Structures are given as C-alpha cells and as structure tokens.
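A.B. asks: Take a look at this one; I'll ask things after.
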Amino acid sequence: MGDRVPRRRLLRWGLGGITGLALPAVVATGAGVRLAMTAGHRSPPVRRFAVALPVPPVLRPVATEGGTDRYEVRQLPAEVEILPGLPTPIWGYEGIFPGPTIEARSGRPVAVRHRNHLTVPTVVHLHGGVTPADSDGYPLDLVLPVGRHDWPGHHVPDGPGGPGGTAGLAHGQRVYRYPNQQPAATLWYHDHRMDFTGPQVCRGLAGFYLLRDEAEENLPLPRGERELPLMICDRLFNEDGSFFYPSLDPELRDRPGVHALFADGVRGDTILVNGVPWPFVPVDGARYRLRILNASNARSYHLHLDPPPPGGAGLVQIGSDVGLLPRPVAHDSLYVGPGERYDVVVDFSRYPPGTSVLLGNGAGDGPTAEVLRFDVGPRVVDDSAIPERLGPDLEPLDVAGAVTTRTFRFLGGQGGLPATINLRTFEPDRLDARVRLGSTEIWRITVDPEHPFHLHLGHFRIVDRNGVPPEPQDGGWKDTVQVRAGEVRIAVRFTGHPGRYVLHCHNLEHGDMMMMANYEVV
Ligand code: C2O
Ligand code: CU
C-alpha cells in the first residue's frame, strides 16, 4: 500500500509552504497586477493581430473495426514557430500544438493508442468524457517513455491494479477507450501526469475532442468554415523563444513544483489562440459558432466583444461544458475559468463590413486584455440560424430529494499556503468520497479566494452561488466551474462507470500541488 505513495510527498509540501511564506508580500506590493501575475517575468514583445488564426487539423482514424474508430497519436518533441522568427521547443500530440482534433460521434466508440516518445511519463485525460476508470487518465496511470522500464520516483504498480482498479503503469504506449455515450459537446484531451500536469500542458500537450450527434446536426447552427474551435491559453516565453515555466526541476523528472512566486499558478503575458499569439480572424458578415475553451494553466478570462454589436448581447451561448443548452442565452460578456468551455454564436452581420471586433478580456490588463481580432467582411448569404429550441428542457433539480450533501473546501495555493481540499492534500491511497452509480448528490464547493473546480466522470448543474440563483452563463450541464468567491452548490450526477476518479482544482499548479481528491463510484 504505502509504496504507491512517492515518499518525497511526505516532506514536500510542508517545505514548499515554509519557503513560500515570505514571498507573497513581494507580489502584493509589486508594481502592478501584470508583473505580479507573471512574477516579474516578461516575454519578448510580439506584434498583435499579425497572424491569421489557424484551426488544428482533424485527425484521421487509422482503422474502423467493429464500429470503433481507431486512432494513433504519437507524443513527440518538436520545434514550432510561435513568436515570429523564434523557435519554440514543444511537446505535442503528433508534434503540434494544439494537438490534432479528434472528431467523434455519440454512441460510436473511439480507441486512441498514445505512444510516448517524450523523456518523461505521461497520462492522457479526456476532459468532460464519461470514460471507464482505466481509460480516464488517472494521474498515476503513467505511460512510460518508449524504451523505459521503470521510473524512479513514481512507485506505481505495474499493469492493472493501480489505486481503486485504475490502469497502473504502461510501457511506451496505452490504448484509451472512449465509449462516447453522451451528447454532442466540446471536450478536450490533455496531459494529467501526477505532479507535472502544469508543465506538461504548458509545453503543448492539449487538443480538442469534438463530439457530434444527430440531434445537433439537425439544428441549423453555423458549421464548416463557420465553426471555429478556439483554444485560448497564456504563456511566458524566454528571449530565445522557448516557453518559460518555473519548474523546480526543468527536466520534470521527479521533483515537482514551481518557484514560490508562481505557487498561485503560472500566468503568462502572451495570449495564444490555437497556438498563435493574438491572431486575427477574417470573417464574413455571417453567423459563426465559436467553441471557446480556456486551456490556460491558471488564467481566467472575462470575454466580451469590443465594440459590442448594435443592441449588445453579441455572445449568444448555445452550449456549456458538456452539451447544448435547451435554449440560447445571450450575453454581453462571459467569465471563462481554466478548463471551462462556452459554445457561442456571434452574428457578424450585425456589424458594418470593415469593422474590426476585438475579443477582449476584462479580467486582463495591458496585452492580456486582448485575445484576438475578428475582421468583418461583407455580408453574405447565411442559411444558419440560432433556433429558439436547441434541445429538450432540463429536468428540474430535486435539491431537497438528493441523497447526500458533501462539502469540498478548496483552501490555499497562494500566500505560501499548501493547496488543500478539506484541509488535506492528495494521497493516491486515500479515498475521499464514495458515491453510488446512478445517484445525484449535492456538493458544496467553497473556496478561498478563487479556484476552478473540476471532477472527472460526473457532470453537474449549478444550483446556486452564495445562496442566490445561478448566473445567466451557468446554465446546462458542466464539468468545471470557476468558483470566484464564497461557495457554489452543484447537483452532480454519477452515470456511466464505477471506479476511482479524481476531483481537483483546474488551476494546474494548484492541482500539481495536490489540490486533488479521490472519489469512488460504486
Ligand atoms: Cu482537465 Cu482532471 O482535468
Ligand atoms: Cu485552485
């Protein structure tokens, strides 16, 4: 039992807490929010809106057998040009960042063989997926680099038999199986190696997984060229173009953690969309569907259109993290925390041709207050529409009848404090909650001061925030919620599969600092 827990864990966060104690004052009194957020690091300057938005390529299955689409993904080191004229070494699925998009269909299984050609273990998680435990990317279900037979530092059992029957160690490759028994949604896949998720996602290990279904295809929503996945994330760069990430061990071998100034999360001063800095997007005067994903390690956004279209309410939300809403909801702005997705339609025919429309970030300042720019072209024939009805009404939440209420208190991660849930850091061998397959529970997520809550497997709806009804953007089924202050109550439904899963803070540095817990579905 005990040998599954890396021994260094016992000492580590105690020490980190102590060394971090003296530093936050520097952050708090620093010369402005931006420098404080990036702990004083500055990336080489880049001209904004100089590069057109790329769309990640869609991966082709290598085979289709018995109704399952089979994919092969190599996890590769590569060099790409992100800042003009400078090479950036990355780790990418198929050597690109973002990784290739996997397009899947509800009810049609997918199997993805991942081969690890990197120098460290990896884990792949399908975020938002209702996935059997042994394919879910439990953080200790490591895939060792090809040719490696052990990994000192992670004492993980070989083969099946990881904690709670998860998949355990794999050598060089693993096949992840996704049944896709869930409605159309914008999912994404990313690295989830215990202790090192932050740096490994930062290096590029993230991609879209778009799940489609017939119900959605029967709607007249914008599609094809007018459906744009937008992976938004922030990065810091060194002068030579490489990513700056303040790891204690730059090789990511076995000493986890970041320098104390970044303990509250690594935020960048350079905003990337689909892997390029502040792109421009030429659009027709027509409706576009934007699948917004905040893939940042720690940064939250408050997105708005600048200028707003005449009459406002330019961001028409059609979907939440894990599916379409019953009806569209129009917003002037949207908060998007790390890991969250918002599916929105913007009608650019509401703007005079020639208008430049900024996707702005009210939560940023200086360069991080801007994300990308739409350059609106002439009005064109547009047979898309945003139907009044996107799907059936959601059943009313039976809060009083819920079987169990639990509280998860997310505390620390900044100010030199350890990142804890219910005052504990993650232990792979400790089970923190047991739930029944098919049940719905009410969970109170309380935070201090702000944490993006995410759980694997279960999907939820927001019951209230600090005792008042949810916000207009909170509708629909979700897997991640940015808890901005105080408390959020959610109704979580556990369907699909028994087994051991994790819940955690999606501020990836907090997660790596063990702001994570085990729960088991029985
Ligand atoms: Cu997107 Cu457990 O993560
Ligand atoms: Cu957090």
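A.B. asks: Summing Lys, Arg as +1 and Asp, Glu as -1, what charge do residues with Cβ under 13 Å from the Cβ of residue 242 carry, residue 242 excluded?
C.D. replies: Numbers: positive: 203, 235; negative: 79, 81, 239, 240.
Its environment carries a net charge of -2.
A.B. asks: In units of 2.2 N^0.38 Å, what is the alpha-carbon radius of gyration of region 224-379?
C.D. replies: Working: Rg = 17.1 Å, N = 156, 2.2 N^0.38 = 15.0 Å.
Expressed relative to 2.2 N^0.38 Å, the Cα Rg reads 1.14.
A.B. asks: Something else now. Counting alpha carbon pairs within less than 8 Å and at least 6 residues apart, what relative contact order, in whole percent, applies to region 322-450? Provide the component values of the computation, followed by the final result.
C.D. replies: On the way: 130 pairs, mean separation 28.9, N = 129.
The normalised contact order for region 322-450 reaches 22 percent.
A.B. asks: Sort the chain into rounded, prolate or oblate with this rule: let a ≥ b ≥ c be the square roots of the eigenvalues of the Cα gyration tensor; rounded if a/c is under 1.5, and if a/c is not under 1.5, prolate when a/b is larger than b/c, oblate otherwise. Each step should come with its number before you reach the end.
C.D. replies: Details: a/c = 1.32, a/b = 1.19, b/c = 1.11.
Cα axes put the chain in the rounded bin.
A.B. asks: Let me ask another. What shape does region 454-522 take by its C-alpha gyration tensor, where a ≥ b ≥ c are the square roots of the eigenvalues and a/c under 1.5 counts as rounded, a/b above b/c as prolate, and the rest as oblate?
C.D. replies: Taking the square roots of the gyration eigenvalues as a ≥ b ≥ c, region 454-522 is oblate.
A.B. asks: Keeping every protein chain present and rolling a 1.4 Å probe, give me the accessible area per residue for the chain in Å².
C.D. replies: Each residue of the chain exposes 37 Å² on average to a 1.4 Å probe.
A.B. asks: If 255, 430 are ordered by their accessible area, calculated over protein heavy atoms with a 1.4 Å probe, which sequence runs from highest to lowest?
C.D. replies: I get 255, 430, largest accessible area first.
A.B. asks: What does the charge count around residue 373 come to, taking other residues whose C-beta lies under 13 Å from its C-beta (Lys +1, Arg +1, Asp -1, Glu -1)?
C.D. replies: -1
A.B. asks: Given +1 on the Cβ of Lys and Arg, -1 on the Cβ of Asp and Glu, and no further charges, what dipole in debye does region 65-217 carry about its Cα centre, rounded to the nearest 20?
C.D. replies: Using only the charged Cβ atoms, the result is roughly 280 debye.
A.B. asks: Take every DSSP beta bridge whose two residues both sit in region 224-379, then give the antiparallel share in percent to the nearest 5.
C.D. replies: 75
A.B. asks: State the percentage of accessible surface on the chain attributable to carbon and sulfur atoms; use a 1.4 Å probe and exclude ligands, DNA and RNA.
C.D. replies: About 55 percent, which is the carbon plus sulfur part of the accessible surface.
A.B. asks: Here's a follow-up. Can you give the charge dipole size of region 224-379 about its Cα centre, rounded to the nearest 20 debye, using +1 on the beta carbon of Lys and Arg and -1 on the beta carbon of Asp and Glu?
C.D. replies: In total the dipole reaches around 540 debye.
A.B. asks: Okay, moving on. Using alpha carbon coordinates only, what is the Rg to Rh ratio of region 405-521, with Rh defined as the Kirkwood radius?
C.D. replies: Result for region 405-521 is an Rg/Rh of 0.95.
A.B. asks: For region 65-217, what does the alpha-carbon gyration tensor say about shape, rounded, prolate or oblate, given a ≥ b ≥ c as the root eigenvalues, a/c under 1.5 as rounded, and a/b over b/c as prolate?
C.D. replies: oblate
A.B. asks: Right, something else. How large is the accessible surface of residue 477 in square angstrom, using a 1.4 angstrom probe and rounding to the nearest 10?
C.D. replies: Number for this one is 50 Å².
A.B. asks: Can you compute 3J(HN,Hα) from phi for each residue in region 287-297, using the Karplus curve 6.51 cos²θ - 1.76 cosθ + 1.60 with θ = phi - 60°, rounded to whole Hz and x for Gly and Pro?
C.D. replies: Taking θ as phi minus 60°, the curve returns 7, 10, 9, 10, 8, 8, 10, 8, 9, 5, 5 Hz for region 287-297.
A.B. asks: What does the charge dipole of the chain about its Cα centre add up to, to the nearest 20 debye, if the Cβ of each Lys and Arg holds +1 and the Cβ of each Asp and Glu holds -1? Write out the running numbers ahead of the final one.
C.D. replies: Numbers: 52 positive and 59 negative charges, 131 e Å.
Computed about the Cα centre, the dipole is about 620 debye.
A.B. asks: Counting DSSP beta bridges in the chain, what percent are antiparallel, to the nearest 5? It would help to have the intermediate numbers written out before the result.
C.D. replies: Values: 97 of 135 bridges.
Close to 70 percent.
A.B. asks: Just add up the charged neighbours of residue 280: K/R +1, D/E -1, any other residue whose Cβ is under 12 Å from the Cβ of residue 280.
C.D. replies: Values: positive: 47, 48, 373; negative: 370, 375.
Charge balance near residue 280 sits at +1.
The values are calculated or read from the model by the stated rules, or taken from the named source; none is laboratory data. Here the structure is a predicted model, which means the values were calculated and not measured. No Cβ is skipped: glycine too gets one built from the backbone with ideal geometry, and neighbour counts run over all protein chains shown. Side chains included, ligands, DNA and RNA excluded: accessible areas come from the protein's heavy atoms. Shrake-Rupley method; radii C 1.70, N 1.55, O 1.52, S 1.80 Å.
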